[in-house]
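So the structure is just underneath, and the comments pick up after that.
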Amino acid sequence: MHQTLLFLHLAAGSVWVGGHLVLAVSLLPEAMAKRDPDLVRGFERIYERIGLPAMAVQVVTGLWLASLLRPEIASWTDWSDPVALTICLKLACLAATIGLAVHARLSIIPRLDAARLPMLGAHIVAVTALALAFVWLGLAFRYGGV
Ligand code: HEM
């Protein structure tokens, strides 16, 4: 079971991190240079079909993996335990990612134009940095946590 969960976690994680790196590093600079929000809109329309399910897989497999490491959920708040601290840092990254995504979805994307592209760009860069933090924190479990 653990191997299957970790496989799903790594596969879906690759979709989330890879997709956001392509968006942030390759597509966003071009959209900004051309002041063309449609480049980002087009990518988001295609990517979200696989990106959102991938994040759902991350949450389910991540919480399941965390419960295998620390079955007592109440123990996750014991931050003197580096594994529990790492689990909570992952959950903090998740809350920040959801917050940014909801804010972009409700207040930027509906009225997206060239003037609002930098604000969306800042959200994309922040979500991408959080995606890399998820990977770093995930790796930290191999070394006993942060
Ligand atoms: C997009 C979001 C996420 C990404 C990219 C990600 C990525 C990773 C990576 C690369 C690993 C290392 C796997 C290995 O050692 O080979 C990992 C492990 C882990 N992740 Fe995530 N993760 C994400 C979300 C989450 C969430 C929301 C949780 C919930 C608490 C979580 C909990 C864990 C746990 C507990 C492990 C350790 C598994 C083990 O070694 O038994 N992850 N993650």
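The values are calculated or read from the model by the stated rules, or taken from the named source; none is laboratory data. The structure displayed is predicted, hence computed values, not measured ones. Positions of Cβ are generated from backbone atoms using ideal geometry, with glycine treated the same way; all protein chains shown enter the neighbour counts. For accessibility, only protein heavy atoms count, side chains too; no ligands or nucleic acids. Shrake-Rupley method; radii C 1.70, N 1.55, O 1.52, S 1.80 Å.
Annotations
- Qualifying residue in the range 96-104 (condition: within 14 Å of the ligand (Cβ to nearest atom), open to solvent by 20 Å² or more (accessible area, probe 1.4 Å) and not in a helix (DSSP H, G or I)): no
- Test for Ser80: is it at pLDDT 95 or above and surrounded by 13 or more Cβ atoms within 10 Å (Cβ to Cβ): no
- Each residue in the range 105-122 was checked for being touching a residue at least 60 places away in the same chain (Cβ under 8 Å), part of a helix (DSSP H, G or I) and among the charged types (D, E, K, R), and 1 pass.
- Of all residues in the range 30-53, those satisfying the criterion of being of a type outside the set (Lys, Arg), open to solvent by 70 Å² or more (accessible area, probe 1.4 Å) and closer than 15 Å to Gly121 by Cβ are Glu30, Met32, Ala33, Asp38.
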